[in-house]
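Undergrad: I have a structure here, written as structure tokens, and I will follow up with some questions on it.
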Amino acid sequence: MRLVCLPHAGASAALFRPWKVTLSGIATVDSPELPGRGTRYGAPFATDIAALADDLADTLAQRTVPLVLYGHSMGALLAFEVARSLARQGVSVAGLVLSGRAAPHLDGPPRARHTMTDAELVAELSAIGGTSKEVLAQPDLLAMTLPAVRADFRMVDTYAFKPGPALAVPAVILGGSEDAATPPETLRAWNALICGPLTVELWPGGHFFVRDQEARLLALLAKVIPAWRTARAPVG
């Protein structure tokens, strides 16, 4: 099994490198680097979630092992669109674990976080968490971080959900109990888009509850990945 991890806005593939050891023997952890950050620093940022998902799906479709997709916030949206793109190519993922994202067909009017001033953007990052105080307090680090955050916010803010066939895959949907952006009903609404067995769990914390409970998240992945592998195994 291959676990493909997709980052939240502004983050790089480095976020998931420690998972390779923790999940060794359970799944190969693959964290594709998105343009403009990490090992692809300087490359033009992606501008469209669906187009980026298609690019990732074209690469992942060549894998010969079953795929489980994980993403948080923007990463959850991207993982969902990657799974849809793979499905259009006749490739069904083994499962989805999506956290910190309301079902996208419920999205209201487009937001404009990408048009914020740098000061407003820093205040937004401080409010939602997920960015260290050291980064927020260092002008040099901010100068490297804010362009990626702004570009990713632009993708999310301008994303427009397009109706399509429901994904027939098992999924776990996670939300933070104190995350105002993902009340329970918006998490349960994923069942309109995913028709495989779907579990919704509300964990303590705000938008980045998975950071504070990373050990619990890894334990969940270590549990569901073998179960989904067994479910896909041929009978006889």
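The values are calculated or read from the model by the stated rules, or taken from the named source; none is laboratory data. The structure displayed is predicted, hence computed values, not measured ones. All Cβ positions, glycine included, derive from the backbone under ideal geometry; neighbour counts span all protein chains shown. The accessibility values were calculated without ligands, DNA or RNA, using every heavy atom of the protein model including side chains. Shrake-Rupley method; radii C 1.70, N 1.55, O 1.52, S 1.80 Å.
Undergrad: Sort out for me the Cα centre separation of the range 99-126 from the range 173-236, rounded to whole Å.
TA: Between the Cα centres of the range 99-126 and the range 173-236 lies a distance of 22 Å.
Undergrad: To the nearest 10 square angstrom, how much accessible area does SER12 have with a 1.4 angstrom probe?
TA: Per-residue accessible area (SER12): approximately 30 Å².
Undergrad: Please determine, in degrees from 0 to 90 and to the nearest 10, the orientation of helix 139-157 with respect to the longest principal axis defined by the Cα atoms of the chain, where the helix direction is its Cα long axis.
TA: So the inclination is approximately 50 degrees.
Undergrad: In whole percent, how big is the carbon plus sulfur part of the accessible area of the chain, probe 1.4 Å, protein atoms only?
TA: For the chain, the apolar C and S fraction of the accessible surface comes to 56 percent.
Undergrad: In deg cm²/dmol, rounded to 500, what helix-only [θ] at 222 nm does the chain give when every DSSP H run of at least 4 residues adds -39500 (n - 2.57) and the total is split over its residues? If you can, show how the numbers build up before the last one.
TA: On the way: 9 runs with 94 residues, N = 236.
It lands at -12000 deg cm²/dmol.
Undergrad: Across the range 4-17, in residue order, what do the Karplus-derived ³J(HN,Hα) couplings come to in whole Hz, using 6.51 cos²θ - 1.76 cosθ + 1.60 with θ = phi - 60° and x for Gly and Pro?
TA: 9, 10, 10, x, 6, 4, x, 8, 10, 5, 4, 4, 9, 4
Undergrad: Right, next: GLU120: accessible area at probe 1.4 Å, nearest 10 Å²?
TA: 100 Å²
Undergrad: Highest mean first, how do 191-201, 93-103 rank when packing is the count of other Cβ atoms within 10 Å averaged over residues? Please report the intermediate quantities before stating the final value.
TA: Details: 191-201: 15.2, 93-103: 25.5.
Put in order of decreasing packing, that is 93-103, 191-201.
Undergrad: Please list, in chain and number order, the residues 5+ apart from ASP30 or on another chain whose amide H is under 5 Å from its amide H, with Hs placed from the backbone.
TA: LEU3, VAL4, CYS5
Undergrad: With semi-axes √(5λ) of the Cα gyration tensor in Å in mind, check (1) 41, 29, 12; (2) 33, 19, 17; (3) 27, 19, 18 and report the label derived from this structure.
TA: Of the listed options (1) 41, 29, 12; (2) 33, 19, 17; (3) 27, 19, 18, (3) comes from this structure.
Undergrad: Same structure, new question: Work out from phi, with θ = phi - 60° and the Karplus expression 6.51 cos²θ - 1.76 cosθ + 1.60, the ³J(HN,Hα) of each residue of the range 164-178, listed in order in whole Hz, and give x for Gly and Pro.
TA: Using θ = phi - 60°, the values come out as x, x, 5, 7, 8, 9, x, 8, 10, 10, 10, x, x, 5, 10 Hz.
Undergrad: Would you mind checking which residues have amide H under 5 Å from LEU167's amide H? H placed 1.01 Å from N; only 5 or more apart, or other chain.
TA: ILE194, CYS195
Undergrad: How large is the accessible surface per residue of the chain, computed with a 1.4 Å probe and reported in Å² as a whole number?
TA: 47 Å²
Undergrad: So, one more: When you count, for each residue, the other Cβ atoms within 10 Å and take the mean per peptide, how do 69-77, 54-62 rank with the highest first?
TA: Averaged packing, sorted descending, gives the order 69-77, 54-62.
Undergrad: Here's something else I'd like to know. Pull up all non-local amide H partners of VAL172: gap of 5 or more, or a different chain, and H-to-H distance under 5 Å with H placed in the peptide plane.
TA: LEU96, VAL97, LEU98, THR199
Undergrad: Go through 104-110, 141-147 and give me the packing order, highest mean Cβ count within 10 Å leading. Could you put the intermediate results ahead of the total?
TA: Values: 104-110: 11.6, 141-147: 15.3.
By packing density, highest mean first, the sequence is 141-147, 104-110.
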